[in-house]
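What follows is a short report on a single structure.
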Amino acid sequence: MQNMLTLLSNALCRITGRTAGAQTVSELLIGLSEYVSLTSPAAPDLAQTQRLPPKPPPVVSARASAAPLVSTSLAAPAARITASCSFADFTPQVTFDIKKCDLYRLEDGPSMKAELTREQGLQYYRTMQTVRRMELKADQLYKQKIIRGFCHLYDGQEACAAGVEAAINRSDHLITAYRAHAYTYTRGVSVKEILCELMGRRGGVSKGKGGSMHMYAPHFYGGNGIVGAQVPLGAGIALACQYQGNNQLCVTLYGDGAANQGQLFEAFNMAALWKLPCIFICENNQYSMGTSAERASASTDYYKRGDYIPGIRVDGMDVLCVREAVKFAADLCRAGKGPIVMELQTYRYHGHSMSDPGVRKWMWPFGRRWRRQHSLRWLTPSHHWTTCATTSLKTIHPWRSVGPTPGLSLSL
Amino acid sequence: MAAAARLFLRGIHSKCSVSGVSTVPRTSFGPRLLKLSPSCDPYTKAQRRHAAHFTFQPDLVPTQYGPTQKMNLFQSITSALDNTLSSDPTAVIFGEDVAFGGVFRCTVGLRDKYGKDRVFNTPLCEQGIVGFGIGVAVAGATAIAEIQFADYIYPAFDQIVNEAAKYRYRSGNLFDCGKLTIRAPWGCVGHGSLYHSQSPEAFFAHCPGIKVVVPRSPVQAKGLLLSCIADNNPCIFFEPKILYRAAVEQVPTEHYTITLSQAEVVEEGSDVTLIAWGTQVHVMKEVAQMAQEKLGVSCEVIDLRTILPWDVETVCKSVVKTGRLLISHEAPITGGFAAEISSTIQGHGGAGAYPSCHRAGGGVHPELVTSQSQFGKS
């Protein structure tokens with residue numbers, strides 16, 4: 001135990017650059033918790049100040065002043081190698097070309113260019129990576145029977161949650177179905193509270209009474225177990241926003257299975273009739289439990305299901321696509337131009353819930369295609385900026401090897 | 001168990017003027033009971049047990065229906081559906097995910113055997129499923145609709161109550177949807193929480209025109225399901241999901257029926273009548289055993305089987321004999337079906353008798369993730 005402790009505390013010293021080691025397990029944990037921030041993006045400032053490495057030595061270059069420099073004081077060998085080249089070539093902001101969205105009853109769609117600052121990039125990445133790790137941990141805990149009940153995991157779809165949150169304000173409202181852990185996180189609940197809730201503990205966000213499907217936060221209305229039931233609720237929240245004239249809107253999410261529920265169409269009708277500021281988002285992950293979309297729906301163009309409501313179909317694996325599309329939809333709603341239906345094409349890596357193995361032979365080729373486009377892959381090595389980000393990304397996950405492999409695929 | 005103890009404490013002091021019933025003698029029961037349940041005030045705080053305890057107790061092997069085979073509950077349902085599809089060429093089974101076998105394996109192999117036009121999936125729309133089922137039944141085909149969990153039956157509530165139940169009446173018997181049977185997994189399962197544990201039989205008990213049936217075991221399930229399918233009224237068949245794997249019995253492989261609206265006296269007794277249905281019957285059997293061992297009290301356990309229309313006669317006869325009644329169910333106690341039984345029996349009770357009726361049911365809150373053990377097992 002003492003050897004282990006020494007080993008770990010030495011590793012911690014190397015990582016953090018401190019000289020004093022931890023003598024006890026609690027000191028070690030404190031040290032680790034200071035270094036690894038598990039707070040939600042709601043408190044990014046705190047996370048940032050603790051994460052950002054100390055200022056690097058000045059580089060004599062004309063363009064140096066324009067570039068934020070990454071620390072060279074990290075002990076990791078890879079970082080040292082990277083630090084030896086000049087960061088003066090990297091910019092704090094870059095513009096990506098993103099996929100064009102399919103439009104329905106719309107003349108213009110979301111922008112095909114997305115601007116991304118370094119801070120935003122790191123924040124989206126941190127969010128998605130945290131959600132991924134949290135979901136995989138929940139999987140593990142469920143198999144250990146520490147989490148009981150039902151558990152619907154969101155891994156694979158992280159770009160949707162991160163993109164939606166990036167496009168709306170904290171004061172806007174959001175409601176979704178039962179695959180809600182990621183949205184609970186993006187709406188401001190800490191990972192600790194989410195995991196406590198999953199384990200049915202008092203420290204959970206719903207005091208342990210709700211479990212996986214019933215987590216709530218200010219301006220986040222859950223977490224709803226009954227399929228499709230949240231959609232009329234979302235329309236109602238949008239009505240409240242309109243009535244109160246506070247320039248807020250409601251993002252109402254549902255899945256491809258729920259798209260066949262009757263109450264959705266009732267909600268669409270009311271929203272369109274009264275021009276409610278509601279963004280209806282269908283997270284089409286191709287399967288409602290075990291039934292594929294084509295076998296459950298006469299029309300799999302979920303973005304057109306609103307009939308008289310305009311629709312956009314978006315690549316849900318690209319966080320910037322999602323962000324731009326939701327931003328476009330939000331602007332439309334705030335301008336009073338009524339509801340809009342969006343379809344985010346995405347994929348989940350787990351089965352429907354923990355009791356669904358989610359592995360079927362014929363799904364593999366299909367699944368492989370989606371995994372190649374996985375949502376954490378949006379950084380490509382084609383930009384100098386990216387290499388800078390790679391090093392910064394290392395500071396988020398020093399114990400993972402984030403090598404410059406194509407697609408930046410991370411070990412999951 | 002604590003509820004039974006409370007009942008006996010009160011029962012000691014209650015008048016039982018029905019002839020032929022012996023009152024419980026005032027022995028040292030009182031102090032013993034007080035030790036067992038420290039707070040014997042039944043109406044202020046609910047007694048709660050903090051450990052889930054339930055053992056399935058199989059019945060004797062039935063010999064009157066032909067050869068038997070070892071089956072659990074879901075296999076007995078599959079067997080019943082198999083019998084139906086083979087004997088009735090108009091029968092169809094539909095619901096969410098039934099094609100591959102269903103989330104509880106109740107329809108395994110049926111699609112391969114009978115074809116995809118007879119066993120097929122519907123989209124995720126309970127109201128649509130039941131409405132569609134009513135249409136199928138009205139047109140003359142036997143429709144067996146599956147609702148994936150009883151908790152999801154509420155979107156279909158309007159269709160069941162306003163359409164299915166009233167079809168025959170409003171058309172003056174010109175049309176009916178008697179060929180419709182709706183099956184749904186029902187009841188506590190230990191980890192189901194709010195939306196996978198509900199027992200909605202009381203909601204439907206309030207609706208004339210349908211039948212509501214809850215079996216307690218595989219043998220009962222197959223017979224009752226086949227009766228529901230054969231019955232000329234729309235039926236809702238609730239299957240206790242915790243028994244799907246836990247309940248194993250020797251079940252007849254051939255077609256057989258068990259009469260609806262007939263309660264079964266599972267254990268004879270003389271001091272108190274215990275009524276339950278579904279999983280709770282096994283809990284009551286254990287209670288009866290414990291009462292006999294620890295208190296020397298002889299309990300008569302009745303399985304109601306059909307909730308609507310329920311067998312008033314059997315229950316009345318039993319209460320006339322014992323003078324005391326305890327009804328227990330998983331569903332919340334307020335407005336639970338025990339209230340109906342209790343008030344009917346109070347009204348019907350034999351000449352001048354006021355049988356002591358008590359109810360033990362679920363709490364007044366939805367199922368919690370962590371406290372499923374407390375729900376209905378008090």
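The values are calculated or read from the model by the stated rules, or taken from the named source; none is laboratory data. Nothing here was measured: the structure is a model prediction, and the numbers come from that model. Glycine gets a Cβ as well: all are built from the backbone with ideal geometry, and neighbour counts include every protein chain shown. Keep in mind that these areas ignore ligands, DNA and RNA; they rest on the heavy atoms of the full protein, side chains included. Shrake-Rupley method; radii C 1.70, N 1.55, O 1.52, S 1.80 Å.
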Task: Heavy atoms of residue A:304 accessible to a 1.4 Å probe, total area in Å² rounded to 10 - done: 80
- [ ] Given the peptides B:186-193, B:69-76, arrange them by the average over their residues of other C-beta atoms within 10 Å, most packed first.
- [x] B:186-193, B:69-76
- [ ] Return the average number of partner chain Cβ atoms within 10 angstrom of each residue Cβ along peptide A:234-245.
- [x] 0
Open item on the list: Can you return the aspartates and glutamates within cross-link range of residue A:99? Criterion is Cα-Cα under 19 Å, with same-chain partners fewer than 8 residues away left out.
Closed with: A:107, A:108, A:115, A:158, A:283, A:301, A:315, A:318, A:324, A:343
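Give me the net charge for the shell around residue A:301: Cβ to Cβ below 14 angstrom, other residues only, Lys and Arg +1, Asp and Glu -1.
-1
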Open item on the list: Students often get this wrong, so check it: of A:209/B:179; B:113/B:222; B:70/B:285; A:145/B:241; B:211/B:285, which have C-alpha atoms separated by over 29 Å?
Closed with: A:209/B:179
- [ ] Provide the solvent-accessible area of residue B:228, counting protein heavy atoms only and rolling a 1.4 Å probe, rounded to the nearest 10 Å².
- [x] 0
Task: Rounded Å value of the spacing that divides the Cα centres of the range B:139-203 and the range B:207-252 - done: 13
- [ ] Could you list which residues have their amide H under 5 Å from that of residue B:95, counting only those 5 or more apart in sequence or on another chain, with H placed in the peptide plane?
- [x] B:120, B:122, B:146
- [ ] Calculate how many DSSP beta bridges within the range B:254-307 are antiparallel, expressed in % of all such bridges and rounded to the nearest 5.
- [x] 40
- [ ] Take the alpha carbon atoms of the range A:293-357, find their center, do the same for the range A:110-178, and report the distance between the two centers in whole angstrom.
- [x] 16
TODO: Starting from the residue with the highest accessible area, list A:209, A:192 in decreasing order, probe 1.4 Å.
DONE: A:192, A:209
Open item on the list: At a threshold of 8 angstrom on Cα-Cα distance, excluding pairs fewer than six apart, so keeping six or more, what relative contact order does the range A:124-163 reach in percent?
Closed with: 55
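Working with all protein chains in place, sort A:274, B:277, B:310 by solvent-accessible area computed with a 1.4 Å probe, largest first.
On the way: A:274 125, B:277 5, B:310 30 Å².
Order by accessible area, largest first: A:274, B:310, B:277.
Net charge within 15 Å of residue A:263 by Cβ-Cβ distance, Lys/Arg positive one each and Asp/Glu negative one each, not counting residue A:263 itself?
-2
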TODO: Would you kindly compute the Cα radius of gyration of the range A:244-366 and its largest Cα-Cα separation (Dmax), both in Å?
DONE: 15.4, 52
- [ ] Tell me the label-point distance for the pair residue A:355, residue A:97, using the 7 Å Cα-to-Cβ offset, in nm and rounded to one decimal.
- [x] 4.9
Open item on the list: With a 1.4 Å probe and all protein chains kept in place, how do B:259, B:142 rank by accessible area, largest first?
Closed with: B:259, B:142
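If you average the sequence gap of Cα pairs under 8 Å that are 6 or more apart and divide by the length of the range A:181-316, what percent do you get for the contact order? Mind dumping the intermediate values first?
Working: 200 pairs, mean separation 21.3, N = 136.
Taking the mean separation of contacting Cα pairs over the length of the range A:181-316, I get 16 percent.
How would you classify the range B:172-245 from its alpha-carbon gyration tensor, with a ≥ b ≥ c the square roots of the eigenvalues: rounded for a/c under 1.5, else prolate if a/b is greater than b/c, otherwise oblate?
It is oblate, given that a/c is not under 1.5 and a/b is not larger than b/c.
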Task: Computed over the range B:280-329: relative contact order in percent, which uses C-alpha pairs under 8 Å that are six or more apart - done: 30
